[in-house]
Amino acid sequence: MVLLGWLATGNMNDARSDHTASVLRNGKVLVTGGFNYSLYLNSAELYDPSTGTWTMTGYMNHSRTVHTESVLLDGKVLVTGGYDGISYV
């Protein structure tokens, strides 16, 4: 029997809540959007579990929180909906 536990790892570049996360084909985790204290974020970061590091990977056209994120069959990621602090996007 293997017991799984928590493991401390590197910190994100932007602390965030209400974001989305998706596991990509290569095993990395893409995190997009979210809320950081008083800012709605449009940034995206990649987590590499083999190294425990986070890398900034780009910015969405709109800041958003409480949105959805789907990995498509071709490996691309579709981010839809959410709230940008003023209106729903």
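The values are calculated or read from the model by the stated rules, or taken from the named source; none is laboratory data. From a predicted model like this one, the values you see are computed outputs, not experimental measurements. Note: ideal-geometry Cβ built from the backbone for every residue, glycine included; neighbour counts use all protein chains shown.
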Exercise for review: Could you grab me the full set of residues in segment 29-78 that are closer than 19 Å to residue 11 by Cβ and of a type in the set (A, V, I, L, M)?
Suggested key: 29, 30, 31, 39, 41, 44, 46, 56
**Study point:** strands (runs of 3 or more DSSP E) lying entirely in the chain (those with 1 or more residues that are at pLDDT 95 or above and at positive phi)
**Key:** 53-59
Practice item. For residue 33, state whether it is surrounded by 11 or more Cβ atoms within 10 Å (Cβ to Cβ) and touching a Leu at 6+ places or on another chain (Cβ under 6 Å). Key: yes
Revision key, fill the gap. Of the conditions (1) more than 8 Å from the chain's Cα centre (by Cα); (2) surrounded by 12 or more Cβ atoms within 10 Å (Cβ to Cβ); (3) among the small types (Gly, Ala, Ser), the single one that residue 5 does not satisfy is (2)
Exercise for review: Determine the pairs where a residue that is over 14 Å from residue 57 (Cα atoms), located within segment 15-33, has a partner that is of a type in the set (Phe, Trp, Tyr) and in a strand (DSSP E or B) with Cβ atoms under 6 Å apart, the partner being 6 or more residues away or on another chain.
Suggested key: 17/35; 18/35
Point to revise | Long-range neighbours under 7 Å by Cβ, at least six apart or interchain, first residue exposed (fewer than 10 other Cβ atoms within 10 Å of the Cβ) within segment 65-78, second in a strand (DSSP E or B) | key: 72/78
